[in-house]
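Engineer: Below is the structure I would like to discuss, written out as structure tokens.
Values quoted throughout were computed directly from the atomic coordinates according to the rules given, and no laboratory measurement underlies them. These figures come from a predicted structure and were not determined experimentally. Positions of Cβ are backbone-derived with ideal geometry, glycine not excepted, and every protein chain shown enters the neighbour counts.
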Amino acid sequence: MSFSNQPMSMSAAQTPFSNRPFSSHHPSRNPFLHIPIAQRLTLGFLLAALIAAVAAGAVGFGHVQSLSKETNFYQNLLRTNTDLTTGATYLQLMDAKLHETLTDALAPAPSQETLVLNQQALRDLATRYNAILTNYTQHDLISQQPSQMTLLTEAGNEDQATQQQAQAGSALRTWQVYRDAQEQVLQDISTGNLTEAQSLIRFQAEPTNTDALSALRTLIQFDENLATFVSAAFSVEEQNLLLTTLIAALIACLCIGLVGWFISNTIIKPLHQLRLVTQAIGAGQLDSRVMVRGRDEIADVSASVNGMLDTIVGLLQETRGQRDALTNAANHLFSYMQGVSAGELRASATLSNDPISLLADAFNFTISRFRRFVLRTQVGIEQLEVVSRQEVARSDAFVQAVHTYHGSSPLKQGVSGSQGQDLARVAVGFAQDVTMMARHVGAIAQELRTNVTTFKIETVDNTTRSNLLDAAANQRFVQELPQGNT
Amino acid sequence: MDEHKHMYMNRWYGHQRPIGTAWCQLGRLTVICFFVAILLTSCGSTDTPQASSGHLLIVGSTAMQPLVTAAAALFEKANPRVQVEVRGGGSLSGLSALVNQEADIADSDVYADPAIYPDPSLTDHIICVIPFALVVAPDIPVLSLTHQQVIDIFSTGKIRNWKEVNGPNLPIVPIVRPTTSGTRAVFRKYVLGGRDERGTLLTTDSSTDIRDTVAHTPGAIGYLALSVLSPSVRAIAIDGQMATREGIESGHYPFWAYEHMYTLGIHPGSLSTYLSFMQTAPVQQLEPRLGYIPTVNMKFSSAGSSHSKTSLSNTLVFHESEATLREFF
């Protein structure tokens, strides 16, 4: 016979997986959960390092760019400054040379060779200066250098570019005027028109040379002032760069934080679930399980934990089932015992394959033995009743016979010997009957006693309780006990 | 055993998400850092130079004076806390006032001689171009003179009568400015090529006097800045070129000069604001109305003057003027 199980407790909440067959691995949305943890962490650190390196590299690159721009600018400035200063020297030399040429020409015996040499020198100087100035005005103005223009615009001084253009035009014009004057003077000298040459030098060449020099000086000064403007622009750029660095650092921090958060989440989340499950188990909710996601170490542990929990729950349920079955059987036995205590002596406890059935079996045996005892006792009682009835009838008959004898003759005259012998014979017969009856009763009592002594009624130690079928041993045992313990 | 079938009815702990307290902290940190960054930006922004309250004294050229006065009025309107005073007196007096630190700006028609004013902080700012023109009385029908004719009239004296230049039979009376005149220096330098002038000498260097003299003296010829030109006299061309912007840009017209504002160094504040202001559009538009030519969009040319024998490389650039130029005829 099988006993029915109590139904296992089911969770009230339905889960989405209730229709799928039980599997240890559920499809995970996150591909990272398939990578082992060590590799994941390595990947995370490498990614963080990469982000930091990229950010630092970009910032460094920006700094390098800015610095190289600055360097280029100052290099350019130095070059143009040197060129223009050389040009200023040329202008002054031309002026001096022109005077010298005139002085030579005014000498009493002018050397033609010297004159020609001086003229060559002057024309050469003029060509050189012209080259410098035209080169500068065609290539080196700010408005012709886009990088410098952007720098200047950054500093907020873009109107300086037009001013420089005007200055360049002024330098060119004044140079032109002087050159014409110089040429005129040389022609006058070569044609011998020395007074004209002298006056021209004094009233045209010198002033226009001065003008050209003044205009050139303005250009040179402008370059120097430019450095001041542009250094302001550089500082602005530097601050922008600082801001960019800050932002880049922040963004890098954010990205690294994100990466770290993401990767640690892939570890922390499953662990947290594990923790919750174990806490729930500890709290008593035995139906909680971990959702296994991915294929990494944590997933393996989660699956193992799930299996372990399933085993435990199974064992628990098995134990409970057994306990319930035993309780059931015990209850049945108890109800039968109750019946017995009420007086029914039916040995009919149900038997099964568990220890309770041993108990039931013993109970059955005990009951049956007790029943047999009771039956025998009943038989004895009936016998006693019969005997006692017989005895009562005999004794009534005796009494009757005695009364009859007593009544028939007066006892004072003496009893005849034959009537007295009859009475004595009847009395002896009655006494023999009574003795026989008493022996009968004694035999019945002995039999009853035999029945009783098969059961031990003295208190004995539980551990030495032996087989109940060993009646002789029990009797011996009872006889050996001191008599006062009944 | 069919007990397994009940296992997925169990409670699955797969939906809990651990509350990221670290994420909240990171978010807070980010916000703080952004605020810091914004603060730094605002701190680091270049301070626009404020025209602080002050007083600017501008001394010098009378030729520039009308323009500078008008510009100063505009500037004072834009910056009420700055006072600008404009005086005349001539370019050289302006320069000497500047180097003696009596004035803030010197208006000058001439270049400052580096030998006379060697201060390395003396800074030249070109404001505009001032065109000059030869003027005659309206009754002289001559429209143009060649450069050589001008030289012959004013210097060598080879031409003495208007009829030699297709004019009426009238002696030519050149009106000459005093030697201190900046205009005369310009004329000598750029037209006469350094030669001496001969003619009726005026004692005062007043453009209006010249104009009136030319207007009322028959056969007179003089020269003055276009800013003081009036219908009482008529400007004539040199080598067929009138005193226009295109003529000056191309280099065909020689009789013009730059107008300078000299300062000692570049100071931040009201001075540099004023100098920048002179380059801005309102002033640039003001200039043609007063007879000046703005230099802002002017393309310089390295063309040779009509005197040069050797031809230099010319980069002739014609540029459309932004402002309308009223031609004074």
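Engineer: What length, rounded to one decimal in nm, is gained on full extension from residue A:283 through to residue A:370, with 0.36 nm per residue of separation minus their alpha-carbon distance?
Structural biologist: My answer for the length gained is 26.1 nm.
Engineer: I've got another one for you. Give the peptides A:389-396, A:228-235 in descending order of average Cβ contacts within 10 Å, highest first.
Structural biologist: A:228-235, A:389-396
Engineer: Indicate the gyration tensor shape class of the stretch B:56-176 (rounded, prolate or oblate), computed on the Cα atoms with a ≥ b ≥ c the square roots of the eigenvalues: a/c under 1.5 is rounded; otherwise a/b larger than b/c is prolate and the rest oblate.
Structural biologist: Here the stretch B:56-176 falls in the prolate category.
Engineer: Okay, moving on. Return one quarter of the surface area of the convex hull spanned by the alpha-carbon atoms of the stretch B:140-224, equal to its mean projected area, in nm².
Structural biologist: For the stretch B:140-224, averaging the hull's shadow over all directions gives 5.0 nm².
Engineer: Right, another one. About the Cα centre of the stretch A:168-210, what is the dipole size in debye to 20, counting +1 per Lys and Arg Cβ and -1 per Asp and Glu Cβ, all else neutral?
Structural biologist: 160
Engineer: Something else about it: Report the charge-dipole magnitude of the stretch A:16-168 in Debye, nearest 20, computed about the Cα centre from +1 at each Lys and Arg Cβ and -1 at each Asp and Glu Cβ.
Structural biologist: In total the dipole reaches around 1420 debye.
Engineer: Counting just the Cα atoms, what span does the stretch B:67-113 cover along each of its three principal axes? Round to the nearest Å and put the largest first.
Structural biologist: Cα extents, longest axis first: 34, 20, 15 Å.
Engineer: What does the structure give for B:59-68 when I average, per residue, the other chain Cβ atoms found within 10 Å of the residue Cβ?
Structural biologist: 0
Engineer: What is the spin-label model distance, in nm, from residue A:326 to residue A:86 if the labels are put 7 Å beyond Cα along the C-beta direction?
Structural biologist: 11.5
Engineer: Here is a further query. Viscosity 0.890 mPa s, temperature 25 °C: Stokes-Einstein D of the stretch A:269-326 from its Kirkwood Cα radius, in µm² per second?
Structural biologist: For these conditions, the coefficient is 201 µm²/s.
Engineer: OK, next. Taking 56 Å as R0, compute the FRET efficiency from the Cβ-Cβ separation of residue A:271 and residue A:359 and round it to 0.05.
Structural biologist: The computed FRET efficiency comes out at 0.65.
Engineer: Same structure, new question: Show me the trypsin sites (Lys or Arg not before Pro) within the stretch B:65-166 that DSSP assigns to loop and that have at most 14 other Cβ atoms within 10 Å of their Cβ.
Structural biologist: Hits after loop and neighbour filter: B:81, B:158, B:160.
Engineer: Where both partners of a DSSP beta bridge lie in the stretch B:102-227, what percent of those bridges are antiparallel, to the nearest 5?
Structural biologist: In the stretch B:102-227, approximately 60 percent of DSSP beta bridges are antiparallel ones.
Engineer: Okay, next question. Other chains' Cβ within 10 Å of A:230-236 residues: what's the mean?
Structural biologist: 1
Engineer: Normalise the Debye intensity by I(0) for the stretch A:28-179, one equal point scatterer per Cα, no solvent, then take log10 at q = 0.09, 0.15, 0.20, 0.21 Å⁻¹ and round to two decimals.
Structural biologist: Those come out to -0.56, -0.91, -1.20, -1.26, one per q.
Engineer: Work out the mean other chain Cβ neighbour count within 10 Å for the residues of A:175-187 and drop it here as an integer.
Structural biologist: The mean count of partner-chain Cβ atoms within 10 Å per residue comes to 4.
Engineer: Still on this structure: Quote the FRET efficiency, to the nearest 0.05, computed for residue A:446 versus residue A:377 with a Förster distance R0 of 22 Å and r equal to the Cβ-Cβ distance.
Structural biologist: 0.95
Engineer: Here's a follow-up. Quick one: Debye curve from the C-alpha atoms of the stretch A:119-278, no solvent, what's log10 I(q)/I(0) at q = 0.08, 0.09, 0.13, 0.21 Å⁻¹?
Structural biologist: -0.48, -0.54, -0.78, -1.22
Engineer: Right, another one. Calculate the spin-label point distance for residue A:56 paired with residue B:197, positioning each point 7 Å from the Cα along the beta-carbon direction, and give it in nanometres.
Structural biologist: Once both label points are built, they end up 7.5 nm from each other.
Engineer: Let's test the formula: R0 of 35 Å, r as the Cβ-Cβ distance of residue B:217 and residue A:138. What FRET efficiency results, to the nearest 0.05?
Structural biologist: 0.15
Engineer: At q = 0.16 Å⁻¹, what is the log10 ratio I(q)/I(0) for the stretch A:26-103, with the Debye formula run over Cα points and no solvent?
Structural biologist: -0.82
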